[in-house]
1. Taking only region 234-276 into account, find how many residues are open to solvent by 80 Å² or more (accessible area, probe 1.4 Å) and within 28 Å of THR180 (Cβ to Cβ).
2. Among the residues of region 123-134, write down those that are in contact with a Ser or Thr (Cβ under 8 Å, 6 or more places away or on another chain) and in a helix (DSSP H, G or I).
3. Could you list, in sequence order, all residues of region 55-81 that are over 19 Å from TRP226 (Cβ atoms), in a helix (DSSP H, G or I) and open to solvent by less than 60 Å² (accessible area, probe 1.4 Å)?
4. Could you tell me whether any residue of region 277-286 is closer than 18 Å to GLY133 by Cα, aliphatic (A, V, I, L, M), open to solvent by 30 Å² or more (accessible area, probe 1.4 Å) and assigned to a helix (DSSP H, G or I)?
5. With ILE106, ILE15, ILE99, ILE63 as the choices, which residue is over 17 Å from the mean Cα position of the chain (by Cα) and of a type outside the set (Phe, Trp, Tyr)?
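The values are calculated or read from the model by the stated rules, or taken from the named source; none is laboratory data. Everything quoted here is computed from the prediction, not taken from an experiment. In this analysis, Cβ positions are derived from the backbone assuming ideal geometry, glycine residues included, and neighbour counts consider all displayed protein chains. Ligands, DNA and RNA are stripped out before the accessible areas are found, and what is left, the full protein with its side chains, is counted by its heavy atoms. Shrake-Rupley method; radii C 1.70, N 1.55, O 1.52, S 1.80 Å.
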Amino acid sequence: MSQQNNTRAGIALMISATVVFALQDGISRHLAGTYNTYMVVMIRYWFFAAFVIALALRTPGGIAATARTSQLGLQILRGVLLAGEVCVAVYAFTILGLIESQAVFICYPLLIAALSGPVLGEQVGWRRWSAIGVGCVGVLIILQPGMGVFNPWAVIPLISALMFAVYGLLTRYAARRDSTATSFFWTGIAGAVAMTVIGLWFWEPMVGGDWLWMGLLCLSGVLGHWLLIKCYEMAEASSVQPFAYFHLMWSAILGISVFGESLRPAVVVGAALVIAAGLFTLWRERRQS
């Protein structure tokens, strides 16, 4: 297959992944609106752990080879941090809805760019700092802190974005010595253990119909990660990453049509600025690499 066809296939897989992840967010919002967030995320992580174990069993050397790492503490920290971020994100869905939460969360690539200097020692030039500044303006437009109607709960998806950015930076750092398969394995295992320790204390009986939704949530999580893995196998990350912003569009469609959310003009303007700044940052990183 040619490089051009590879890139097209990668883009198709990335867009498919954003559809699946948006559906996952919608199901998470539905379940966490009825049951405890910790329990919902815990069960989701059980399936995630089963998925990474199944992948590890198929690799040469099996689980022992995949799990081998010289930076176990870092890998466990990554997994626990991501599990915590998922809890914060799902909680944000129940408080603010899908649209408002995702509109703020999409600033995470800019946070990664801003923190890559002090954390990883990467060079961040004035152009990228300018893009980060524009993105911050976009987030402020969405949050409207000076309008007298500022909702303090709106900070929750910003915390989620910061946690995900730190997770992304730790993943980059771990990649210097560990393979993608090893990092992915510990993401699922560490997260599942952490959520089980917490989630079992918040167990609630579920009605039969909601077990179906929980099954769909777990399957969508596994399918989404599988699509992403195939996507990055097929094409360069810099070629497909801009299409990850489709996630916001699908979330908006779902939020409006299913959950009766509204799309504020400030959210549209702010999200447009954040996305434009994010795309510029990705373009600069691609040119420098």
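1. Count: 2.
2. Restricting attention to region 123-134, the residues satisfying the condition of being in contact with a Ser or Thr (Cβ under 8 Å, 6 or more places away or on another chain) are 124, 128, 131-132.
Answer for region 123-134, where residues must be in contact with a Ser or Thr (Cβ under 8 Å, 6 or more places away or on another chain) and in a helix (DSSP H, G or I): ARG128, ALA131, ILE132.
3. We begin by selecting, within region 55-81, every residue over 19 Å from TRP226 (Cβ atoms); these are 60-62, 64-65, 67-78, 80-81.
Still in the list and also in a helix (DSSP H, G or I): 62, 64-65, 67, 72-78, 80-81.
Within region 55-81, GLY62, ALA65, ALA67, GLY73, LEU74, GLN75, ARG78, LEU81 meet the criteria.
4. Filtering region 277-286 for residues closer than 18 Å to GLY133 by Cα gives 277-285.
Filter again for aliphatic (A, V, I, L, M), leaving 277, 279, 282.
Add one more test, that the residue is open to solvent by 30 Å² or more (accessible area, probe 1.4 Å), and what stays is 279, 282.
Subsequent filtering for residues that are assigned to a helix (DSSP H, G or I) retains 279, 282.
Yes, some residue in region 277-286 is closer than 18 Å to GLY133 by Cα, aliphatic (A, V, I, L, M), open to solvent by 30 Å² or more (accessible area, probe 1.4 Å) and assigned to a helix (DSSP H, G or I).
5. On the way: ILE106 fails: over 17 Å from the mean Cα position of the chain (by Cα); ILE15 fails: over 17 Å from the mean Cα position of the chain (by Cα); ILE99 fails: over 17 Å from the mean Cα position of the chain (by Cα).
So the residue among ILE106, ILE15, ILE99, ILE63 that is over 17 Å from the mean Cα position of the chain (by Cα) and of a type outside the set (Phe, Trp, Tyr) is ILE63.
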